[in-house]
Each structure stands twice: as C-alpha cells, then as structure tokens.
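A.B. asks: The structure under discussion is supplied below as structure tokens; questions concerning it will follow.
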Amino acid sequence: MKISKEKAEENRAALLQAASRLFRQKGIDGVGVAEISRAAGLTHGALYAHFPSKEALAAEALAWSLEQSNAKLLTGTFNGEPDLDKFLAGYLTVNDGEDYAEHCAMAAAASEIGRQDTAASAAFSEGYMVLVRAFERRIAAANPGADALRSAMGVVACMVGAVSIARATVKARPELSAQVLQGARGIIAAALKGAHG
C-alpha cells in the first residue's frame, strides 16, 4: 500500500527522532534497527525505505540531533535564555543516572564517532563547527585581535570533553566528576573573558 508524501515525511521524522534518542542513550553500536523501528512505531522495512543502512540513519540522526542542540544556542532559547553563561552552566552539568538521550548528542557520541563511517564523521564535524562559529563570534566581539577561531575550537572541545569525562567518572567518583566540570568552567571562563551572552 502506497502512503502519502506527508505520511512518508512523518515516518522519516519519527525514525530520526527515535534513532537520535536511542543513539544518545545507548550508543550507535548499542542499538539495532529493529529497536529503532519499534520506538518509531514502524517496521524495520519502513526504516530501510528511508535509509539505505543503519550507518546512513546514524549520520542523519546525528546531524538532526546536533542541529536541534545548536539551534537552542544560536537562537538564544537554551532554557529560555540567550545568555552564554547560562548555556554553559546548563551544558556543564552531569548527574549520576542522567538520561543521556536528553542531553548533547556531541558529548554522547564523541568517543564512538571515530569508529563510524565518513558520513557520521562529517555530521559530527559540521555540528562541532556550528558551535565553534557561535563561540568564535562572541570571542571576537569581546576580544578584538585574539585568535577567536582557535579559542572557540578549544572552548567547544573542552565543553564536550569535560562532559564526557564527568559522565565517565560520576558513578564511582562524583567528587572527581564535579572537579572536572569545575576545571572546565575555569578554562572556558578564561577563554571567554570579556565575552558576554
């Protein structure tokens, strides 16, 4: 039975959303197409009607997730605030038992993207550079003459790395996890000195 173009687009969006959530929660290699299809309310045949492979779905789901996350920063709607300090305060937070599906796709995927194909790496790279460019503009405006691109790359790498390490240590050593985030806040604050919202 042929479905309408609108329904096909709706199904594709449901697959992307389900894959995005499950990949952040369990990792790309920790989820199969059957589980993704079920979570989207579809069959795995429907998944393959939209994506030629799990790898293609992973790349598109990552790109979609990063686009959603970056839009919150770029449009100033992260927690309803356009303030960069508030964005960072919300981002640099880790709790034991947190649901990774509700947080940054970049931090969730950072360690496994290197084992994925070029399309996933390209999606990750693009998402990273969107964040870098946002921070670069703010650093350049606050610190004329500074190497804003280099500083912004460091800020975003520090953010993602700090969250990844804090998540990895929070169960066994919550105090260490907190120290990692505190250290990252200090490094980022120094890089952004004078940069506001």
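Read-outs throughout are calculated quantities, based only on the coordinates presented, and are distinct from any laboratory measurement. This structure is a prediction, so every number in the text was calculated from the model and none was measured. Heads up, the Cβs are rebuilt from the backbone with ideal geometry, glycines too, and the neighbour counts pull from every protein chain shown.
A.B. asks: Whole-Hz Karplus ³J(HN,Hα) for the stretch 113-122, in order, using 6.51 cos²θ - 1.76 cosθ + 1.60 and θ = phi - 60°, x for Gly and Pro?
C.D. replies: Couplings: 4, x, 8, 9, 7, 4, 5, 5, 4, 5 Hz.
A.B. asks: If you plug each phi of the stretch 36-51 into the Karplus form 6.51 cos²θ - 1.76 cosθ + 1.60 with θ = phi - 60°, what whole-Hz ³J(HN,Hα) values come out, in order, with x for Gly and Pro?
C.D. replies: Once rounded to whole Hz, the list reads 4, 4, 4, 4, 7, x, 10, 8, 5, x, 5, 4, 6, 6, 9, 9.
A.B. asks: Where Lys and Arg each count +1 and Asp and Glu each count -1, what net charge lies around residue 55 among other residues with Cβ under 15 Å from its Cβ? Could you put the intermediate results ahead of the total?
C.D. replies: On the way: positive: 54, 115; negative: 29, 60, 112, 117.
Local charge sum for residue 55: -2.
A.B. asks: For residue 179, what charge total do you get from the other residues with a beta carbon under 11 Å from its beta carbon, if Lys and Arg give +1 and Asp and Glu give -1?
C.D. replies: Around residue 179, the surrounding residues sum to +1.
A.B. asks: Please report the net charge: other residues with Cβ closer than 9 Å to the Cβ of residue 18, K and R +1, D and E -1.
C.D. replies: Details: positive: 21, 38; negative: 35.
Charge balance in the 9 Å sphere: +1.
A.B. asks: I'd like the distance separating the alpha-carbon centroids of the stretch 87-112 and the stretch 1-23, in whole Å.
C.D. replies: 25
A.B. asks: Would you please give the residues with an amide H less than 5 Å from that of residue 42, counting only those at least 5 places away or on a separate chain, with H modeled from the backbone geometry?
C.D. replies: Sorted by chain and number, the residues that satisfy this come to none at all.
A.B. asks: Let me ask something else. Would you calculate a helix-derived [θ] at 222 nm for the chain, using -39,500 (n - 2.57) for each DSSP H run of n ≥ 4 and dividing by the full residue count, to the nearest 500?
C.D. replies: On the way: 9 runs with 140 residues, N = 197.
When only DSSP H runs of four or more count, the value is -23500 deg cm²/dmol.
A.B. asks: Starting at the first residue of the stretch 176-192, write each ³J(HN,Hα) from the Karplus equation 6.51 cos²θ - 1.76 cosθ + 1.60 with θ = phi - 60°, in whole Hz, x for Gly and Pro.
C.D. replies: Once rounded to whole Hz, the list reads 5, 4, 5, 5, 4, 5, 5, x, 4, 4, x, 5, 5, 4, 5, 5, 9.
A.B. asks: Which of 140, 111, 166 sits farthest toward the positive end of the charge dipole of the stretch 55-191, with +1 on the Cβ of Lys and Arg and -1 on the Cβ of Asp and Glu?
C.D. replies: 140
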